[in-house]
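Here the structure is laid out as structure tokens; the discussion comes afterwards.
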Amino acid sequence: MSSKMTVENLDLFYGDFQALHNVNLDVKENEILSFIGPSGCGKSTLLKCLNRMNDLVVGCRIDGLVTLDGEDIYQKNYDVNNLRKRVGMVFQQPNPFPMSIYENIAYGPKTHGIKNKTELDEIVENSLKQAAIWDEVKDDLKKSALSISGGQQQRLCIARALAVNPEVILMDEPTSALDPISTGKIEDLAQELKEQYTIVIVTHNMQQASRISDRTAFFLNGVIVEFDDTTKIFTNPKEEKTELYVTGRFG
């Protein structure tokens with residue numbers, strides 16, 4: 001499998017504090033890559049480097065290289081709007097816009113210049129189908145997105161990310177606010193989506209990482225301690241710290 005994204009010798013600072021130290025990894029096409037590790041260890045920070053969400057943080061400085069299809073995404077004239085179209089993001093808390101279900105999905109395509117109603121209808125339907133929520137909301141598309149359940153809202157947010165036709169989907173603890181049934185639906189969905197997309201997921205839930213990801217990176221204090229096939233990380237880790245973490249003895 002070829003690499004979709006790479007991170008090389010990445011250091012990240014918030015002011016004087018160094019949050020990430022010499023991070024090196026690659027993200028392969030059509031895989032699910034999990035970031036695991038205790039709170040505050042740099043997982044979400046690295047995830048946000050992959051679509052430059054850290055640009056929005058005052059005092060954040062990044063050294064090193066991050067590429068998408070071999071191109072440096074931090075080079076001066078790189079189109080950040082286009083980057084965030086290609087590398088979509090789903091957050092920890094479902095965050096639908098305070099508008100109808102239909103308008104939530106149509107919003108992205110409209111901002112990218114699609115105005116034709118038939119085309120928008122098609123994008124909305126396809127995105128909701130891909131996110132496994134179409135059957136639940138197809139008769140209520142004019143209803144406020146804020147009126148559906150948390151699990152449905154999170155799948156709606158995934159549909160919204162899919163509507164602009166991304167190549168990579170970043171998920172920052174997408175199920176931490178959800179009940180077990182909704183969590184199961186999102187996990188099943190992630191495994192279906194990797195047929196067409198590349199997925200990077202931050203999770204506190206080690207069972208989730210072991211169930212759905214192809215490879216896993218274990219973070220501790222801003223450093224990648226171990227990065228390998230998920231099966232190896234969970235059954236035969238090389239590092240003692242990894243073993244202690246995955247067996248629940250610390251963190």
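Here are the numbers for this structure:
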{"read-out": "Any hit, region 134-144, residues being closer than 26 Å to residue 51 by Cα and aliphatic (A, V, I, L, M)", "value": "no"}
{"read-out": "Of the criteria (1) within 19 Å of the chain's Cα centre (by Cα); (2) in a loop (DSSP other than H, G, I, E, B); (3) over 30 Å from residue 36 (Cα atoms), which one residue 104 fails", "value": "(2)"}
{"read-out": "Selection within region 15-62 - among the aliphatic types (A, V, I, L, M), closer than 18 Å to residue 4 by Cα and either exposed (fewer than 14 other Cβ atoms within 10 Å of the Cβ) or under 15 Å from the mean Cα position of the chain (by Cα) (or both)", "value": "27, 32, 33, 46, 47, 50"}
{"read-out": "So residue 141, is it part of a loop (DSSP other than H, G, I, E, B), among the hydrophobic types (A, V, I, L, M, F, W, C), modelled with pLDDT of 95 or more and more than 19 Å from the chain's Cα centre (by Cα)", "value": "yes"}
{"read-out": "Test result for residue 231, at pLDDT 95 or above, out of contact with any Asp or Glu (no Cβ under 6 Å at 6 or more places or on another chain) and surrounded by fewer than 20 Cβ atoms within 10 Å (Cβ to Cβ)", "value": "yes"}
{"read-out": "Within region 110-123, tally of residues that are assigned to a helix (DSSP H, G or I) and more than 14 Å from residue 158 (Cα to Cα)", "value": "8"}
{"read-out": "Single residue of region 144-171 satisfying the filter (touching a residue at least 60 places away in the same chain (Cβ under 8 Å) and assigned to a loop (DSSP other than H, G, I, E, B)) that is farthest from residue 125 (Cα to Cα)", "value": "167"}
{"read-out": "Residues (charged (D, E, K, R), in a strand (DSSP E or B) and either closer than 13 Å to residue 172 by Cβ or free of Cβ contacts under 8 Å to residues at least 24 places away in the same chain (or both)) located in region 10-54", "value": "26"}
{"read-out": "Residues being under 21 Å from residue 8 (Cβ atoms), surrounded by 17 or more Cβ atoms within 10 Å (Cβ to Cβ) and β-branched (Val, Ile, Thr) - total across region 63-108", "value": "4"}
{"read-out": "Only listed residue being of a type in the set (A, V, I, L, M), under 21 Å from residue 159 (Cα atoms) and without any contact (Cβ under 8 Å) to a residue 60 or more places away in the chain, chosen from 181, 201", "value": "181"}
{"read-out": "Total residues in region 204-220, condition within 14 Å of residue 43 (Cα to Cα), modelled with pLDDT under 95 and of a type in the set (S, T, N, Q)", "value": "1"}
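The values are calculated or read from the model by the stated rules, or taken from the named source; none is laboratory data. Small disclaimer: the values here were computed from a predicted structure and weren't measured. Glycine gets a Cβ as well: all are built from the backbone with ideal geometry, and neighbour counts include every protein chain shown.
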